[in-house]
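Down below is the structure, laid out as structure tokens.
The values are calculated or read from the model by the stated rules, or taken from the named source; none is laboratory data. Values in this document were obtained by computation on a predicted structure and should not be read as measured data. Neighbour counts run over all protein chains shown; Cβ positions are idealised from the backbone, glycine included.
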């Protein structure tokens, strides 16, 4: 589901605008998860089980991640640039491994981890390069994409740290907590774009894209990820996410009707390879035994 989130969200943002598109998608996802949680819990009593440390520590990271990711995709100058910004965001599988060393005290072979991270960064640079024939041209290409790339990297940092910290702050009803975070983010985005509500010109494709994003990548996927993180298999989940960059580049190219660009696909492959190398740098068992 996450492999489709960048191209589909780009369609939403092109039609509704950055703030309104982000707001209606995330607010819809949040309302869905809160309603689902309340139905499963037979009421709102689950709200009393939401812990303050989780809200104060993980909440800002989750909200910051979503705002940065949607800004990266929406502010990209072209659809191709949006896919590249999405690849920058998909540095998070490698960053989960880095933060698991810092927060969970996981044991690691530093040489392998550093090589893996360098490979990931090289993948993002390659995907950004386009048809360049010199270092100067590469520098200009990176400078042209600096804003969406920076926002994508910021999103990756937030999500990597959130994922690790969420594994240490368990919630009885994680779906409800995520729903609340989504609703807050959606309301913030709508307030930022309130002055442009009259400018919306959406079609049925955009409405379908909003529904898809609200019910799958932005609600069920985040809930299932959070549930998996509660199991403590942080490094394994980071490794299993390795395929997302390649899938995102390929699927995004198809959904957005772009020409296949070898640099983009190879860049996604390098991000995937780098995350895999980083994972193999870990020693011993993971989870609670590493802490």
Exercise for review: Examine segment 168-180 for a residue that is without any contact (Cβ under 8 Å) to a residue 60 or more places away in the chain, assigned to a helix (DSSP H, G or I) and surrounded by 19 or more Cβ atoms within 10 Å (Cβ to Cβ), and state whether such a residue exists.
Suggested key: yes
Point to revise | Index of the failed condition, residue 16 passing every other in (1) farther than 24 Å from residue 142 by Cα; (2) modelled with pLDDT under 95; (3) surrounded by fewer than 24 Cβ atoms within 10 Å (Cβ to Cβ) | key: (3)
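So which of 275, 241, 206, 202 ends up being surrounded by fewer than 22 Cβ atoms within 10 Å (Cβ to Cβ), modelled with pLDDT under 85 and assigned to a helix (DSSP H, G or I)? Outline the logic, then answer.
Numbers: 275 fails: surrounded by fewer than 22 Cβ atoms within 10 Å (Cβ to Cβ); 206 fails: modelled with pLDDT under 85; 202 fails: assigned to a helix (DSSP H, G or I).
Answer to the check: 241.
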Check your understanding: Does segment 154-168 contain any residue that is at pLDDT 85 or above and over 30 Å from residue 51 (Cβ atoms)?
Key -> no
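Do we have residue 24 as over 14 Å from the mean Cα position of the chain (by Cα), surrounded by 18 or more Cβ atoms within 10 Å (Cβ to Cβ) and within 26 Å of residue 173 (Cα to Cα) here?
Details: over 14 Å from the mean Cα position of the chain (by Cα): yes; surrounded by 18 or more Cβ atoms within 10 Å (Cβ to Cβ): yes; within 26 Å of residue 173 (Cα to Cα): yes.
Taking the combined requirement at face value, the residue satisfies it.
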Exercise for review: Search segment 77-102 for residues that are without any contact (Cβ under 8 Å) to a residue 24 or more places away in the chain and pair each with any residue that is surrounded by fewer than 24 Cβ atoms within 10 Å (Cβ to Cβ) when their beta-carbon atoms are under 6 Å apart and the residues are at least 6 apart or on different chains.
Suggested key: 101/108
Review point. Taking segment 1-59 on its own, how many of its residues are outside any helix (DSSP H, G or I) and within 16 Å of residue 255 (Cβ to Cβ)?
Key: 1
Revision key, fill the gap. Within segment 255-272, of all residues that are without any contact (Cβ under 8 Å) to a residue 24 or more places away in the chain and outside any loop (DSSP other than H, G, I, E, B), the one nearest to residue 206 (Cα to Cα) is 265
Check your understanding: Does segment 128-145 contain at least one residue that is touching a residue at least 40 places away in the same chain (Cβ under 8 Å), closer than 24 Å to residue 8 by Cβ and outside any helix (DSSP H, G or I)?
Key -> yes
Check your understanding: Scanning for something touching a residue at least 40 places away in the same chain (Cβ under 8 Å), touching a helix residue (DSSP H, G or I) at 6+ places or on another chain (Cβ under 6 Å), closer than 20 Å to residue 173 by Cβ and surrounded by fewer than 19 Cβ atoms within 10 Å (Cβ to Cβ), does segment 38-45 turn up at least one residue?
Key -> no
Exercise for review: Could you tell me whether residue 96 is in a helix (DSSP H, G or I), at pLDDT below 90, in contact with a helix residue (DSSP H, G or I) (Cβ under 9 Å, 6 or more places away or on another chain) and surrounded by 16 or more Cβ atoms within 10 Å (Cβ to Cβ)?
Suggested key: yes
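For segment 103-113, indicate whether the set of residues that are part of a loop (DSSP other than H, G, I, E, B), in contact with a helix residue (DSSP H, G or I) (Cβ under 8 Å, 6 or more places away or on another chain), buried (at least 18 other Cβ atoms within 10 Å of the Cβ) and modelled with pLDDT under 95 is non-empty.
Just the residues of segment 103-113 that are part of a loop (DSSP other than H, G, I, E, B), to begin with: 105-107, 109.
Keeping just the survivors that are in contact with a helix residue (DSSP H, G or I) (Cβ under 8 Å, 6 or more places away or on another chain) gives 105-107.
Going one step further and asking which of them are buried (at least 18 other Cβ atoms within 10 Å of the Cβ), we end up with 106.
So of that shortlist, the ones also modelled with pLDDT under 95 come out as 106.
Yes, that holds for at least one residue.
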Point to revise | Selection status of residue 162, under 19 Å from residue 267 (Cβ atoms) and surrounded by 22 or more Cβ atoms within 10 Å (Cβ to Cβ) | key: no
